[in-house]
1. Quick check on A:Arg246: is it basic (Lys, Arg), touching a residue at least 12 places away in the same chain (Cβ under 8 Å) and within 11 Å of chain B (Cβ to nearest Cβ)?
2. Pick out the one residue from A:Ala172, A:Ala185, A:Ala144 that is among the hydrophobic types (A, V, I, L, M, F, W, C), in contact with a strand residue (DSSP E or B) (Cβ under 9 Å, 6 or more places away or on another chain), surrounded by 16 or more Cβ atoms within 10 Å (Cβ to Cβ) and farther than 27 Å from A:Leu371 by Cα.
3. Tally time: how many residues in the stretch A:200-220 are more than 9 Å from chain B (Cβ to nearest Cβ) and under 21 Å from A:Glu95 (Cβ atoms)?
4. Determine which member of the set B:Gly58, B:Gly68 is over 15 Å from the mean Cα position of the chain (by Cα), within 11 Å of another protein chain (Cβ to nearest Cβ) and touching a residue at least 40 places away in the same chain (Cβ under 8 Å).
5. Among the residues of the stretch A:287-310, are any of a type in the set (Lys, Arg), crowded, with 24+ Cβ neighbours inside 10 Å and more than 16 Å from the chain's Cα centre (by Cα)?
6. Between A:Phe168, A:Phe182, A:Phe214, A:Phe173, which is farther than 26 Å from A:Trp74 by Cβ, among the aromatic types (Phe, Trp, Tyr) and not in a helix (DSSP H, G or I)?
Amino acid sequence: MKINETVATDERSSTTADVCIVGAGIAGGLVANELAGRGYDVVILEAGERFSRENRLSRMEDALRPSGPGNNVWGMGGSRDAYTSSGGFDYPLNETRVKGVGGSTLHWLGITPRLHEKDFEMNSRYGLAEDWPIGYETLRPYYAESERQLGVAGSRDNPFGPPRETDFPMDAFPRSHSDTLFERACEELDIETHTVPQARNSEVYDGRSQCVGFSTCIPVCPSGAKYSGDVHIRKAEANGARVIDRAPVQRLEHDDAGESVTAAIYATPDGQRARVTARQFVIAAGTVETARLLLLSASDRYPNGLANSSGVVGHYFMEHPGIEASGLVDEPPNANPIGFHTTETHQFYDHETAFPGSLKLEFRNANPTSLPDMALRGGDSSLREDVLDVATGDAWGDELVGLLQEAMEGRTRLAVLASAEQLPLWENTVSLDHSKTDDFGNPVPDVSFSVGERARRTLEHAEEILRDIMDELGATDVTVDSIHDPRHASHHMGTTRMGTDPDASVVDSRLRTHDLSNLTTASGSVFVTAGAMNPTLTIAALSLKAAEHIAADL
Amino acid sequence: MELTRRATVAMVLTGGLGTSAGVRLLSGTTEDPGTISELTDPELQIVESVAEIIYPSGSSTGTALIEGYLSYQSSDRLRAIRNASRALDTYAKRRYRSPFTTLTTAEGETLLREMGVDRAAPDPDGTVSERVRYYLVNGLLYALFTNPAGSRLVGIDNPRGYPGGYESYTEPLSR
């Protein structure tokens with residue numbers, strides 16, 4: 001790879017700092033805020049842009065309009081974000097991430113469970129995969145602090161959850177009307193349901209609005225009630241941190257001995273290169289780009305990629321495959337629309353034996369009909385009707401209302417999603433695809449991914465449970481996703497796994513690379529196993545822990 | 001206190017929340033430096049005339065609803081809305097030798113259908129019909145059906161896109 005080494009002389013000129021962080025998402029923001037708050041000079045390099053908070057209503061409109069970009073309202077795509085997917089599953093990478101200040105939490109749902117004890121001990125309990133080098137008890141105080149910093153609404157009504165020491169910072173969201181229908185069916189099946197912890201304000205918290213019910217959490221929360229990583233970026237900036245956006249890091253450089261990183265080289269919008277030197281470096285660029293940056297930073301000392309003496313960088317990529325069952329019920333189940341769910345069960349999570357793997361069930365606040373979508377399509381509820389518009393024309397006015405009423409009467413559908421645990425598989429990788437380059441001439445990431453036999457069998461087990469629930473509901477027209485084509489949760493994990501053995505892992509229990517003494521990776525990339533829980537609260541907890549270690553080194 | 005246009009708009013956007021404690025939207029409701037005043041009164045009247053045609057008879061089509069929608073549009077979007085409005089007016093003058101705003105509702109609807117607006121795919125960069133569909137018709141339908149003024153016609157109190165509070169989801173639909 002040839003790089004123009006000319007250093008820009010504008011405000012993006014080369015600089016030095018105590019800490020250089022790559023990535024302005026939730027992990028980068030938390031680490032930056034912790035360190036800047038302790039008086040250290042922090043520079044954050046972000047590949048994407050800084051989005052104005054004030055145009056979120058426009059982004060919502062774009063998302064809700066049928067002719068708009070759908071959920072891609074944060075500008076993902078194009079040569080900057082080019083990728084390939086070569087595995088058994090065509091992984092839609094750019095639908096699952098956002099580049100920009102705030103990162104992928106700009107479009108996340110905001111569900112924040114903790115991992116369970118067993119998730120850290122998969123090998124010692126079941127002989128599967130590897131144990132984490134830390135256990136739940138180590139992470140427990142950081143979980144509590146993460147819940148406080150993000151602002152998590154929840155209740156202690158979950159009998160299956162891991163031990164916790166305090167109440168949640170905010171009361172849980174009340175259960176929806178749809179939930180009450182599920183509860184009745186689940187009681188008959190001896191399935192216990194409970195509320196859902198989520199980083200969404202059920203009241204004013206940390207200067208941010210309570211949820212006001214726009215119902216568009218994915219992909220954008222106009223009120224700011226849903227936590228996103230830009231919250232802590234702003235806090236970090238208030239503490240003196242500097243953010244340079246539109247600054248994709250091209251590679252990291254190290255000293256002659258290969259013992260420490262010396263500089264991050266980033267591209268400026270005008271195509272120049274600039275350099276940040278620092279005492280400590282943190283890659284917090286998400287599971288895919290973190291691994292990619294290490295691989296792009298190969299050198300004579302590290303021919304297989306920076307911090308990759310183990311050869312493990314990029315391996316063990318994990319996701320959460322899931323299947324959804326839905327069906328029609330007699331009584332009107334749909335409450336007013338809501339962008340998130342308020343009931344889950346973790347009853348099928350902890351297991352005594354190695355199989356089946358963990359499952360998490362989410363009871364969807366089914367919202368199959370988007371009123372603005374159908375209204376803007378002239379009341380059409382099918383693609384066929386859309387196509388016929390060319391000849392017949394769309395309805396508006398009173399005719400439109402009639403069509404909407406008719407269409408919505410038949411849409412009383414309930415849905416349950418089961419997310420499954422996926423084991424780390426060596427062959428599931430993020431690697432460099434040298435046959436394709438991004439707008440800077442760098443090889444793009446290739447995601448090679450398949451679900452794996454154990455996860456598929458766990459989904460089989462899930463299907464039985466979901467069908468039982470639908471039967472108990474008396475649902476008709478039941479559909480269940482195929483276990484051979486599951487949906488994925490946009491939860492990226494693995495690729496720089498944590499461990500004690502430098503030959504079998506990339507970072508240690510403090511998230512520092514085994515190879516380089518001043519390089520930390522803070523993201524889902526460090527997960528050893530995935531559990532079946534949404535990973536973000538764990539990413540936050542690990543980031544806060546890593547920040548403490550970095551501060552101690554500084 | 002005299003309310004500014006924008007303050008009125010903010011009230012519309014947060015309508016139904018006036019008594020709810022603790023509601024604080026992100027500061028400002030506009031992006032870039034766009035302001036509704038970029039539309040002249042005649043241009044605004046064209047937009048309102050389109051609304052009279054495409055809005056159902058039972059909906060409240062007050063100016064505040066439309067201005068609420070226009071208030072958060074970017075400068076670029078407002079310019080495009082203005083251009084689509086002018087193009088529509090030009091078509092009316094050519095076809096009926098009258099400004100669009102002087103046509104009866106029936107004449108206006110006939111004109112929109114003659115132009116093929118009902119059959120056109122909404123396209124922000126397309127032909128006049130496609131842009132009228134995108135910026136005027138669909139923009140106005142979006143404004144109406146992301147607001148209780150429109151959604152209540154089909155029994156939804158708090159539609160997607162409207163900040164009607166999260167408590168609404170705990171009740172079954174009223175319809």
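1. For A:Arg246, the condition - basic (Lys, Arg), touching a residue at least 12 places away in the same chain (Cβ under 8 Å) and within 11 Å of chain B (Cβ to nearest Cβ) - is not met.
2. A:Ala172
3. 4
4. None of the others qualify; the one that does is B:Gly58.
5. Yes, the conditions are met somewhere in the stretch A:287-310.
6. Selected residue: A:Phe168, the only one of A:Phe168, A:Phe182, A:Phe214, A:Phe173 that is farther than 26 Å from A:Trp74 by Cβ, among the aromatic types (Phe, Trp, Tyr) and not in a helix (DSSP H, G or I).
Each row is one residue, and each column tells you yes or no for (1) out of contact with any Ser or Thr (no Cβ under 9 Å at 6 or more places or on another chain); (2) at pLDDT 95 or above; (3) closer than 28 Å to A:Asn33 by Cα.
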site: A:Ala267; (1), (2), (3): yes, yes, yes
site: A:Asp270; (1), (2), (3): yes, no, no
site: A:Ser299; (1), (2), (3): yes, yes, no
site: A:Tyr302; (1), (2), (3): no, yes, no
site: A:Gly327; (1), (2), (3): no, no, no
site: A:His346; (1), (2), (3): no, yes, no
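Residues are listed down the side, and each one gets a yes or a no for (1) farther than 26 Å from A:Val276 by Cβ; (2) buried (at least 22 other Cβ atoms within 10 Å of the Cβ); (3) at pLDDT 95 or above:
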position	(1), (2), (3)
A:Ile3	no, no, no
A:Glu11	no, no, no
A:Val19	no, yes, yes
A:Gly23	no, yes, yes
A:Arg38	no, no, yes
A:Tyr83	no, no, yes
A:Lys99	no, yes, yes
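The values are calculated or read from the model by the stated rules, or taken from the named source; none is laboratory data. Being a predicted model, the structure only gives us computed values, none of them experimental. Backbone-built Cβ (ideal geometry, glycine too); neighbour counts: all protein chains shown.
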